[in-house]
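Working notes for the structure below.
The values are calculated or read from the model by the stated rules, or taken from the named source; none is laboratory data. Since we're looking at a predicted model, the values are computed, not measured. Methodologically, a virtual Cβ is constructed for each residue, glycine included, from the backbone with ideal geometry; neighbour enumeration extends over all protein chains shown.
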Amino acid sequence: MSKNLVIVESPAKAKTIEKFLGKDFLVKSSVGHIRDLPKKGGMAIDVDNDFEPSYEISPDKKKIVSELNKLSKKADLVWLATDEDREGEAIAWHLKQALNLKESKIKRIVFNEITKTAINFAVKNPRAINSKLVSAQQARRVLDRLVGFELSPVLWRKIKQGLSAGRVQSVAVRLIVEREREIKDFNINSFYKVSTYFSNNNLKIFKAESTSRFEKKEDVLIFLENLSTSNFSISSLTKKPAKKSPAAPFTTSTLQQEASRKLGFSVSQTMSVAQKLYESGNITYMRTDSTTISKEAIDAAKNQIISSYGEEYFCSRSYTKKVKGAQEAHEAIRPTYMENKKIEGDRNMQRLYDLIWKRTIASQMSDAQLERTSVEIQPSNCKDSLFAKGEMVNFDGFLKVYLESKDEEEEQKGMLPNLKVGDAISLERIEAIERFTKPKARYTEASLVKKLEELGIGRPSTYASTITTIQNRGYVDKGRSEGSDRKFNFIEYNNGKLFDNIKIEKTGADKSKLIPSDIGMVVTDFLIDNFEQVMDYSFTADVEKEFDQISRGEKKWNEMIKQFYNVFHKRVNEVSENSEKAKGERLLGKDPKTNENVYVKIGRYGPMAQIGEVSDEKKPRFASLLSDQSIQNISLEETLDLFKLPRVLGNFEDEEVVSAIGRFGPYLRHKGKFTSLKKDAGDDPLTITLDRAIEVINNQRKIEEERIINRFEGDPLVQVLNGRYGPFIQIGEGSRKTKQNVRIPKDVDPKKLTRQMCLDLRDKSKK
């Protein structure tokens with residue numbers, strides 16, 4: 001038996017570390033947290049006893065804890081090598097408590113990178129568990145628990161069942177809701193932008209623009225006419241040296257943003273891939289606010305830069321981020337070994353690593369030296385000047401490797417030919433394009449992360465889970481619209497002729513943009529009206545500062561919680577007793593057939609339409625909204641169309657085919673079976689034909705047939721099915737609660753399974 005037991009968080013990390021430690025060390029994984037507040041059975045926080053939390057070993061971790069307990073008793077020393085942030089410190093503390101480890105038997109070690117040097121250094125320099133960091137993590141966990149457990153029941157009573165609220169998630173949704181309303185309230189105005197194209201004596205074409213905006217078509221036509229009859233010359237020309245400096249190495253937040261922009265990764269995907277890179281020893285720890293890198297890393301980068309590009313490309317740089325209480329990780333995210341330009345791994349690992357490598361290398365490279373040219377052109381028949389701007393790269397410096405958030409090709413646009421003051425130039429053509437004012441863009445995951453960081457809300461390490469949560473809760477959706485066509489005027493003067501055309505462009509694309517749902521808007525409004533403190537941006541940011549104070553030992557965690565809770569709990573009780581129910585209700589008008597009021601609002605199962613009053617003797621009629629409809633902007637006509645459902649499309653196989661909208665969206669009903677209608681397939685329950693419905697039904701039958709490998713009738717029903725992740729056994733029928741899924745061992749052929757073999761595998765899985 002090994003004298004030393006090393007406990008890390010992840011199995012992948014354990015395998016990597018085991019390679020660097022000798023035979024006297026056994027490395028095991030806790031697979032993340034082993035204890036937490038229970039998911040069921042109440043809040044598990046003793047409010048009257050200084051907010052003491054009651055932790056329990058997670059049900060799925062009992063086997064792991066049992067194994068670690070046995071191994072720890074046999075070992076002379078237990079090395080707690082969990083991650084070096086607050087969460088990792090808390091895991092180390094929970095391991096100590098759950099395994100009942102004496103102080104004399106444990107050593108706490110941390111390392112920013114998984115290398116032999118870093119691990120050996122950590123082993124030689126152990127420390128005690130940092131109770132201040134544990135307290136900061138505990139404060140966050142307890143506060144979030146209190147907010148969630150007290151606010152969520154209020155939402156259930158005042159809006160609808162199944163809703164949740166959170167200290168960070170609700171504020172994140174507020175940002176998205178407010179941005180959406182800014183967009184909705186924005187007045188779009190059109191204007192004309194004039195661009196001119198000239199040639200010099202060497203017949204080099206360059207572009208110049210007017211700084212004037214023309215709101216009326218008549219005015220721009222007059223301007224074009226004056227330009228067309230003018231002579232042109234260079235009235236002034238200025239050249240100024242300029243430089244571009246590289247961006248700092250990645251923090252967690254900037255990596256999330258840049259991976260979204262350059263690679264199209266979601267925030268959660270970025271963190272998942274970065275975790276793999278860290279655990280495989282390819283990068284330093286990926287949860288950090290620091291922009292500094294070690295002297296050893298700078299020296300390694302220097303060698304790479306000089307050998308690949310030349311000495312003139314190297315410039316040693318130190319970056320500091322003025323954030324008090326930044327994450328405890330020592331360095332920015334960088335490659336563990338700078339000489340490794342490429343790594344083994346899947347495509348996403350390779351792409352993210354390449355981004356990190358380039359960013360790190362570029363951060364230690366020379367400035368790009370530029371020359372910016374500004375040219376003023378004076379038309380003889382106009383008061384307004386025209387301006388041309390260009391940029392020339394005299395020395396590319398770091399641009400040879402990396403440019404933040406922009407394509408290198410875009411930076412090369414706007415090159416100007418050799419021009420001098422007094423030069424006569426020739427007009428080639430004029431363009432006047434109708435443009436439209438734009439509101440602020442909807443948030444993407446990347447821009448939301450940037451905004452949250454700017455406001456000090458949450459931590460970069462929690463952004464991925466926050467963004468995932470608000471989508472899973474149905475408060476926010478990712479836009480799927482490619483946009484709609486919009487006409488615009490395109491006026492061109494070319495070869496002495498004026499061409500006035502109408503062109504079409506795409507506008508309003510929502511792909512991958514974050515859009516609040518109806519329920520997200522209603523919940524946000526309710527929380528702002530009733531819990532202003534919790535929804536306040538500065539309050540949420542101040543809480544993060546208090547966590548930092550706790551981590552430095554400047555404040556006690558339970559006193560901070562008490563100060564918040566006394567006021568918060570009182571307000572929860574007041575709102576529960578006195579506030580009205582929130583429905584997000586809109587009165588759209590009258591039903592022309594019955595003269596009854598038509599409403600849209602939030603119902604038990606989501607957004608719905610209502611004709612008539614609940615108080616009337618005649619019961620009101622209800623209809624669910626389609627997934628792409630919103631109570632915020634649906635029209636009366638669109639709402640009345642919903643009451644045309646259900647629709648009888650006709651007969652198929654001597655049974656009616658009906659289209660309708662239900663709790664889970666639009667569907668077809670035929671022979672007692674339900675088939676979902678997909679909007680992305682162009683299927684609308686209001687317009688779908690019988691022929692198309694039959695096609696959808698037959699396609700669904702084919703899918704179901706292919707899904708079933710074998711079926712054994714009896715009690716219980718046993719089926720061998722093809723699933724998303726491969727074949728599996730399903731025992732029972734009906735709802736999820738009455739069915740059990742069983743894994744099929746890799747060495748077993750699913751097609752050869754009998755009913756009894758399936759039942760035996762079920763019984764074996766229960767043991």
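The set of residues in the range 646-687 that are closer than 29 Å to Gly734 by Cβ and aliphatic (A, V, I, L, M) comprises Val648, Leu649, Val657, Val658, Ala660, Ile661, Leu668, Leu677, Ala681. Residues that are of a type outside the set (D, E, K, R), exposed (fewer than 13 other Cβ atoms within 10 Å of the Cβ) and modelled with pLDDT under 90 occur at least once in the range 607-619. Annotation note: Cβ proximity below 8 Å between a residue of the range 248-272 that is closer than 14 Å to Ser512 by Cα and a residue that is of a type in the set (Asp, Glu) and crowded, with 24+ Cβ neighbours inside 10 Å (sequence gap 6+ or interchain) occurs for Ser260/Glu445; Ser266/Glu445; Val267/Glu445. Scanning the range 582-615 for residues that are among the aliphatic types (A, V, I, L, M) and part of a loop (DSSP other than H, G, I, E, B) gives Ala582, Val614. Against the conditions (1) of a type in the set (A, V, I, L, M); (2) modelled with pLDDT under 90; (3) farther than 23 Å from Glu655 by Cβ, Leu753 satisfies every one except (2). Of everything in the range 679-703 that's part of a loop (DSSP other than H, G, I, E, B) and of a type in the set (A, V, I, L, M, F, W, C), which residue is modelled with the highest pLDDT? If we take residues in the range 679-703 being part of a loop (DSSP other than H, G, I, E, B) and of a type in the set (A, V, I, L, M, F, W, C), then Ile688 is modelled with the highest pLDDT. Among the residues here, Asn303 qualifies as in a helix (DSSP H, G or I), in contact (Cβ under 8 Å) with a residue 12 or more places away in the chain and either touching a Cys at 6+ places or on another chain (Cβ under 9 Å) or of a type outside the set (D, E, K, R) (or both).
Which residues, taken from the range 575-590, are on the phi > 0 side of the Ramachandran plot and surrounded by 15 or more Cβ atoms within 10 Å (Cβ to Cβ)? Once the filter is applied, which keeps residues that are on the phi > 0 side of the Ramachandran plot and surrounded by 15 or more Cβ atoms within 10 Å (Cβ to Cβ), the range 575-590 yields only Gly584. When we screen Gly483, Gly474 for residues that are surrounded by fewer than 21 Cβ atoms within 10 Å (Cβ to Cβ), over 16 Å from the mean Cα position of the chain (by Cα) and in contact (Cβ under 8 Å) with a residue 12 or more places away in the chain, the only hit is Gly483.
Would you be able to say whether some residue in the range 137-145 is at pLDDT below 95, closer than 24 Å to Asp24 by Cβ and not polar (S, T, N, Q)? There is no residue in the range 137-145 that is at pLDDT below 95, closer than 24 Å to Asp24 by Cβ and not polar (S, T, N, Q).
Selection within the range 500-537: residues that are outside any loop (DSSP other than H, G, I, E, B) and among the basic types (Lys, Arg). The member of this set that is modelled with the highest pLDDT is Lys503. Residue selection: Phe564 satisfies the criterion of being under 18 Å from Arg140 (Cβ atoms), crowded, with 16+ Cβ neighbours inside 10 Å and of a type outside the set (A, V, I, L, M).
Which of the residues that make up the range 282-300 are surrounded by fewer than 24 Cβ atoms within 10 Å (Cβ to Cβ), in a loop (DSSP other than H, G, I, E, B) and touching a residue at least 40 places away in the same chain (Cβ under 8 Å)? Asp289, Thr291, Thr292, listed by residue number.
Of all residues in the range 109-143, those being outside any helix (DSSP H, G or I) and either in contact with a helix residue (DSSP H, G or I) (Cβ under 9 Å, 6 or more places away or on another chain) or buried (at least 21 other Cβ atoms within 10 Å of the Cβ) (or both) number 9. Selection within the range 704-713: residues that are out of contact with any Lys or Arg (no Cβ under 8 Å at 6 or more places or on another chain) and at pLDDT 90 or above. The member of this set that is nearest to Phe652 (Cα to Cα) is Ile708. Regarding the range 376-394, can at least one residue be identified that is of a type in the set (Gly, Ala, Ser) and out of contact with any strand residue (DSSP E or B) (no Cβ under 8 Å at 6 or more places or on another chain)? No - not one qualifying residue is present in the range 376-394. Can you confirm whether the range 96-104 contains a residue that is of a type in the set (A, V, I, L, M), at pLDDT below 95, in the same structural domain as Ala12 (by TED's automatic domain parsing) and over 16 Å from Ser29 (Cα atoms)? Within the range 96-104 (the criterion being of a type in the set (A, V, I, L, M), at pLDDT below 95, in the same structural domain as Ala12 (by TED's automatic domain parsing) and over 16 Å from Ser29 (Cα atoms)), the answer is yes, since at least one residue qualifies. Listed by position, the helices (runs of 4 or more DSSP H) contained in the range 204-279 that have at least 1 residues being among the polar types (S, T, N, Q), in contact with a helix residue (DSSP H, G or I) (Cβ under 9 Å, 6 or more places away or on another chain) and within 25 Å of Glu454 (Cα to Cα) are 252-263, 267-279.
Sub-6 Å Cβ pairs linking a first residue in the range 637-659 that is free of Cβ contacts under 8 Å to residues at least 12 places away in the same chain to a second residue that is aliphatic (A, V, I, L, M) and in a helix (DSSP H, G or I), at least 6 apart or interchain, number zero.
Every condition in (1) surrounded by 12 or more Cβ atoms within 10 Å (Cβ to Cβ); (2) not assigned by TED's automatic domain parsing to the domain that holds Gly672 is met by Thr738 except one, and the failing one is (1). Scanning the range 658-678 for residues that are surrounded by 14 or more Cβ atoms within 10 Å (Cβ to Cβ) and not in a strand (DSSP E or B) returns a single hit, Leu677. Can you find a residue that is under 30 Å from Leu640 (Cβ atoms), modelled with pLDDT of 90 or more and out of contact with any Asp or Glu (no Cβ under 8 Å at 6 or more places or on another chain) anywhere in the range 579-588? Yes, there is a match, as at least one residue in the range 579-588 is under 30 Å from Leu640 (Cβ atoms), modelled with pLDDT of 90 or more and out of contact with any Asp or Glu (no Cβ under 8 Å at 6 or more places or on another chain).
When residues in the range 710-735 are screened for being at positive phi and either surrounded by 14 or more Cβ atoms within 10 Å (Cβ to Cβ) or part of a strand (DSSP E or B) (or both), 2 of them pass.
Within the range 336-392, restricting attention to residues that are acidic (Asp, Glu) and assigned to a strand (DSSP E or B), the residue that is modelled with the lowest pLDDT is Glu391.
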